[in-house]
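The values are calculated or read from the model by the stated rules, or taken from the named source; none is laboratory data. Computed from a predicted model, the values in this text were never measured in an experiment. Every residue, glycine among them, receives a Cβ derived from its backbone with ideal geometry; neighbour counts consider all protein chains shown.
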Amino acid sequence: MDASASLWNETNYARRQAFLNDESVWDADTGKLEGQYATRTR
């Protein structure tokens, strides 16, 4: 799986968890994921 698909899945998982915890999905902490996938190469 490429890095963009992994980032998308982890972002949606974080938003899903926020939703299930009755929190705003837009306030989910996804910033830490950006750095994790920014340096990956093929």
**Message:** For the list (1) in a helix (DSSP H, G or I); (2) modelled with pLDDT under 80, I need the number of the one condition that residue 1 fails.
**Reply:** (1)
**Selection count where residues are at pLDDT 85 or above and loosely packed, with under 11 Cβ neighbours inside 10 Å, scope segment 10-42** = 6
**Message:** Please count how many residues of segment 18-34 are within 22 Å of residue 5 (Cβ to Cβ), among the aliphatic types (A, V, I, L, M) and more than 8 Å from the chain's Cα centre (by Cα).
**Reply:** 3
